[in-house]
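Since the structure comes first, as structure tokens, the remarks are kept for the end.
The values are calculated or read from the model by the stated rules, or taken from the named source; none is laboratory data. Remember, it's a predicted structure, so these values are computed and weren't measured experimentally. Every residue, glycine as well, gets a Cβ built from its backbone with ideal geometry; the counts of neighbours run over all protein chains shown. Only protein heavy atoms, including side chains, enter the accessible area calculation; ligands, DNA and RNA are left aside. Shrake-Rupley method; radii C 1.70, N 1.55, O 1.52, S 1.80 Å.
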Amino acid sequence: MKAMSYILILVASLGLVAAVQNAYKADSVWPMLGHGAFALLCLFLVVREVRALSGR
């Protein structure tokens, strides 16, 4: 079960980095907001999984 958590942390971290990079490249406000929302979702997933692995 820990392996799935580590994989989720890895994938969500990569998604977070990609979303932030794409938000900076966006030429309009709506794509920027969309990438920002996706970045927040990925950050939430990473924090949730790290907290679950640490036993909190």
**Hz values of 3J(HN,Hα) by residue in region 36-47 - Karplus curve (6.51, -1.76, 1.60), Gly and Pro given as x** = x, 5, 5, 5, 5, 5, 5, 4, 4, 5, 5, 5
**Prompt:** How much accessible area does L10 have with a 1.4 Å probe, in Å² rounded to the nearest 10?
**Reply:** 100
**Request:** Would you mind getting me the FRET efficiency between M4 and L40? Use the beta-carbon distance for r and R0 = 25 Å, nearest 0.05.
**Result:** 0.65
**Request:** Please give the per residue volume of the convex hull enclosing the alpha carbon atoms of the chain, rounded to a whole number of Å³.
**Result:** 55
**Prompt:** Per-residue HN-Hα couplings for region 12-19, Karplus 6.51 cos²θ - 1.76 cosθ + 1.60 at θ = phi - 60°, whole Hz, x for Gly and Pro?
**Reply:** 5, 5, 5, x, 5, 5, 5, 5
**Prompt:** Relative contact order for the chain using alpha-carbon pairs under 8 Å, separation at least 6, rounded to a whole percent?
**Reply:** 45
